[in-house]
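Step one of this worksheet: look at the structure below.
The values are calculated or read from the model by the stated rules, or taken from the named source; none is laboratory data. Since this is a predicted model, take the numbers as computed values, not measurements. Cβ: placed from backbone, ideal geometry, glycine included. Neighbour counts: every protein chain shown. The area values use the complete protein model at the heavy-atom level, side chains included, leaving out ligands, DNA and RNA. Shrake-Rupley method; radii C 1.70, N 1.55, O 1.52, S 1.80 Å.
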Amino acid sequence: MSRLVAEKLALVTGAGSGIGREVCRVLAREGANVIAADQNIKTVQETVATLEGAEHIALNINVGDRNSVETAFKDVVKQFSKPPTIIVNSAGVARANFLTKLSDSDFDDVINVNLKGTFLIMQIAVKAMIEANTTKDSSIINISSIIGTRGNIGQSNYSASKAGVIAMTKSASLEFGQFGIRVNTVLPGFIETPMTAIVPDKVKEMFMKRIPLQRFGKPQEIAEVIVFLASNRSSYINGTSIEITGGLN
Ligand code: NAP
């Protein structure tokens, strides 16, 4: 059977950890060349060292900083002579606190990485694709969260950023469809990664009671859906949000 994304060039942010790292692994397994991007160059180099195939690179990027994103894309286009046509926005941060105790910097940091970072990557990636005439069959997958639709105690900043990602994805799909670029978002539930490792046991128990499958998700269970969305197998799925939560209610 042919591989899902054979010979495509993919860029994944947040690729040094958790879901982003796993997305790189599944993309490489399915035949893509992967640009693994993260603010932490050491962890992202570790990601690249484990990938199947040869043409993968580690890239230093701060998704919340326009200069950093523009420079990174320029370097990539120079190196591969084309921009990536699969984009996965997995870089994200959570700074939990009750709303009455939340500092300006914890609010701003979360919005800057999760929401503005997704905006900057989409804008600069799509401009590069249009310039290189490679928009056809391109696919952007943004990672939101089920918290973006339900809210969560201690996560007013995070839930707002993730609700923003859902709305921005819909708007982007309305603008990019004419070029043949699809844009979708996935809404993971509780997934076992370094981000959730610090969640207190009491909170984990509370979540577990709400999951019909009675277990937390694994990064691979998110990555497999993302790679399906990246591939032409999902060629008529556009502007939508897919919950991957084990049925969390
Ligand atoms: P993770 O293990 O913490 O990985 C996130 C990665 O993003 C880290 O390598 C982090 O680097 C990097 N990053 C943070 N800020 C960045 C920036 N400004 N520029 C570039 N890279 C940056 O988290 P995860 O659980 O894999 O989460 C991945 C995505 O899924 C996030 O958007 C998260 O909100 C979303 N999500 C996760 C869950 C879950 O249950 N795990 C559920 C719903 C949604 P540092 O380690 O240096 O910060």
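Might you check whether a residue that is open to solvent by 30 Å² or more (accessible area, probe 1.4 Å), away from the ligand (no atom under 13 Å from the Cβ) and touching a Pro at 6+ places or on another chain (Cβ under 9 Å) occurs anywhere in the stretch 213-223? No, every residue in the stretch 213-223 fails to be open to solvent by 30 Å² or more (accessible area, probe 1.4 Å), away from the ligand (no atom under 13 Å from the Cβ) and touching a Pro at 6+ places or on another chain (Cβ under 9 Å).
Let's see how each residue does on (1) free of Cβ contacts under 8 Å to residues at least 40 places away in the same chain; (2) open to solvent by 70 Å² or more (accessible area, probe 1.4 Å); (3) not aliphatic (A, V, I, L, M):
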site	(1), (2), (3)
ILE57	yes, no, no
ILE61	no, no, no
ALA72	yes, no, no
PRO84	no, no, yes
ALA94	no, no, no
SER103	yes, no, yes
THR135	no, no, yes
SER138	no, no, yes
ALA163	yes, no, no
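Select from the stretch 75-101 the residues that are within 16 Å of the ligand (Cβ to nearest atom) and part of a loop (DSSP other than H, G, I, E, B) and list them in ascending order. Residues satisfying the conditions are PRO84, SER90, ALA91, GLY92, VAL93, ALA94, ARG95, ALA96. Exactly one residue among ALA49, ALA54, ALA58, ALA28 is away from the ligand (no atom under 11 Å from the Cβ), at pLDDT below 95 and out of contact with any Cys (no Cβ under 9 Å at 6 or more places or on another chain), and that residue is ALA54.
Scanning the stretch 150-162 for residues that are away from the ligand (no atom under 11 Å from the Cβ) and part of a helix (DSSP H, G or I) returns ARG150, SER156, ASN157, ALA160.
Applying a threshold of 7 Å to beta carbon distances and a minimum spacing of six or more residues, or different chains, the list of pairs starting in the stretch 146-160 at a residue that is free of Cβ contacts under 8 Å to residues at least 40 places away in the same chain and ending at one that is charged (D, E, K, R) and part of a helix (DSSP H, G or I) reads ILE147/LYS162; GLY148/LYS162.
Here ILE226 fulfils each of the conditions (1) out of contact with any strand residue (DSSP E or B) (no Cβ under 7 Å at 6 or more places or on another chain); (2) crowded, with 16+ Cβ neighbours inside 10 Å; (3) touching a residue at least 60 places away in the same chain (Cβ under 8 Å); (4) part of a helix (DSSP H, G or I) apart from (1).
Among the conditions (1) within 10 Å of the ligand (Cβ to nearest atom); (2) part of a strand (DSSP E or B); (3) open to solvent by 10 Å² or more (accessible area, probe 1.4 Å), the only one that ARG182 does not satisfy is (1). Considering the conditions (1) free of Cβ contacts under 8 Å to residues at least 60 places away in the same chain; (2) in contact with an Asp or Glu (Cβ under 6 Å, 6 or more places away or on another chain); (3) buried (at least 24 other Cβ atoms within 10 Å of the Cβ), VAL110 is excluded by exactly one of them, (2).
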